[in-house]
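Colleague: I have a structure here, written as structure tokens, and I will follow up with some questions on it.
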């Protein structure tokens with residue numbers, strides 16, 4: 001839902017958007033896509049085109065984006081649901097000569113995203129908090145081993161990065177190596 005709100009804002013709440021995802025059946029990316037579509041349904045000026053799956057291949061994601069753009073030259077936004085989907089979609093936008101015109105929201109924040117944000121190739125990146133993921137993994141394992149209950153879902157936090165805050169150490173600390 002956060003990605004959808006960010007993209008809706010970036011495109012002025014109107015136009016066609018596309019989802020680049022890894023493959024169906026992965027709970028985390030499925031939930032990201034579902035949340036994106038659920039939130040976008042509230043934005044009546046936005047049409048969500050098909051989702052295409054790239055098998056975690058950034059080159060395939062770039063090719064798919066170019067094909068979607070060829071069929072929909074009025075495409076204004078893309079949501080990349082994971083690292084390779086986002087990087088591939090951003091490269092597809094660049095290869096189509098649409099940097100800055102087609103807005104890209106990326107889920108995941110490798111260090112390379114800084115250049116992509118600073119050059120306008122990616123408009124927004126949603127960074128997970130990897131230390132919290134590790135922490136809650138250990139806490140959950142301990143709880144299980146000691147007979148305590150474990151929540152079905154555990155939110156680990158996220159940070160929204162864009163050109164206005166990417167240099168802030170309190171934000172950039174959530175970047176991670178690829």
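The values are calculated or read from the model by the stated rules, or taken from the named source; none is laboratory data. On a predicted model such as this, the values are computed, not experimentally measured, just so you know. Positions of Cβ are generated from backbone atoms using ideal geometry, with glycine treated the same way; all protein chains shown enter the neighbour counts.
Colleague: Considering only residues that are touching a helix residue (DSSP H, G or I) at 6+ places or on another chain (Cβ under 9 Å) and assigned to a loop (DSSP other than H, G, I, E, B), which ones fall in the range 69-86?
Modeller: Of everything in the range 69-86, those that are touching a helix residue (DSSP H, G or I) at 6+ places or on another chain (Cβ under 9 Å) and assigned to a loop (DSSP other than H, G, I, E, B) turn out to be 81, 82.
Colleague: Quick check, is residue 164 within 25 Å of residue 77 (Cβ to Cβ), modelled with pLDDT of 85 or more and not in a helix (DSSP H, G or I)?
Modeller: Judged against the criteria, residue 164 is a match.
Colleague: Within the bounds of the range 46-65, is there any residue that is in contact (Cβ under 8 Å) with a residue 60 or more places away in the chain, under 23 Å from residue 2 (Cα atoms) and touching a helix residue (DSSP H, G or I) at 6+ places or on another chain (Cβ under 6 Å)?
Modeller: Looking through the range 46-65, none of the residues is in contact (Cβ under 8 Å) with a residue 60 or more places away in the chain, under 23 Å from residue 2 (Cα atoms) and touching a helix residue (DSSP H, G or I) at 6+ places or on another chain (Cβ under 6 Å).
Colleague: Additional query: So residue 142 passes all but one of these: (1) at positive phi; (2) at pLDDT 90 or above. Which condition number does it fail?
Modeller: For residue 142, the failing item is (1).
Colleague: Tell me which residues, restricted to the range 130-178, are closer than 21 Å to residue 27 by Cβ and touching a strand residue (DSSP E or B) at 6+ places or on another chain (Cβ under 7 Å).
Modeller: 130, 156, 158, 176
Colleague: Exactly one condition in (1) more than 19 Å from the chain's Cα centre (by Cα); (2) surrounded by 13 or more Cβ atoms within 10 Å (Cβ to Cβ) is false for residue 107; which is it?
Modeller: In the conditions (1) more than 19 Å from the chain's Cα centre (by Cα); (2) surrounded by 13 or more Cβ atoms within 10 Å (Cβ to Cβ), residue 107 misses (1) alone.
Colleague: So, one more: For residues that are without any contact (Cβ under 8 Å) to a residue 40 or more places away in the chain and not in a helix (DSSP H, G or I), scanning just the range 1-13, find the one that is nearest to residue 164 (Cα to Cα).
Modeller: 12
Colleague: Can you find a residue that is farther than 18 Å from residue 121 by Cβ, crowded, with 17+ Cβ neighbours inside 10 Å and touching a residue at least 60 places away in the same chain (Cβ under 8 Å) anywhere in the range 32-44?
Modeller: Taking every residue of the range 32-44 in turn, at least one turns out to be farther than 18 Å from residue 121 by Cβ, crowded, with 17+ Cβ neighbours inside 10 Å and touching a residue at least 60 places away in the same chain (Cβ under 8 Å).
Colleague: Condition first: within 17 Å of residue 164 (Cα to Cα) and not in a strand (DSSP E or B). Now tell me which residues in the range 87-111 satisfy that.
Modeller: Scanning the range 87-111 gives 100, 109, 111.
Colleague: Name the residues in the range 45-66 that are surrounded by 16 or more Cβ atoms within 10 Å (Cβ to Cβ) and in a loop (DSSP other than H, G, I, E, B), would you?
Modeller: 54, 56
Condition check ((1) touching a residue at least 40 places away in the same chain (Cβ under 8 Å); (2) surrounded by 21 or more Cβ atoms within 10 Å (Cβ to Cβ); (3) over 24 Å from residue 67 (Cβ atoms)) across all residues:
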{"site": "90", "(1), (2), (3)": "no, yes, no"}
{"site": "98", "(1), (2), (3)": "no, no, no"}
{"site": "101", "(1), (2), (3)": "no, no, no"}
{"site": "114", "(1), (2), (3)": "yes, no, yes"}
{"site": "120", "(1), (2), (3)": "yes, no, no"}
{"site": "136", "(1), (2), (3)": "no, no, yes"}
{"site": "139", "(1), (2), (3)": "no, no, yes"}
{"site": "144", "(1), (2), (3)": "no, no, yes"}
{"site": "174", "(1), (2), (3)": "yes, no, yes"}
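Colleague: Looking at the range 12-29 only, could you name the residues that are over 12 Å from the mean Cα position of the chain (by Cα) and surrounded by fewer than 21 Cβ atoms within 10 Å (Cβ to Cβ)?
Modeller: Answer for the range 12-29, where residues must be over 12 Å from the mean Cα position of the chain (by Cα) and surrounded by fewer than 21 Cβ atoms within 10 Å (Cβ to Cβ): 12, 13, 14, 15, 16, 23, 24, 25, 26, 27.
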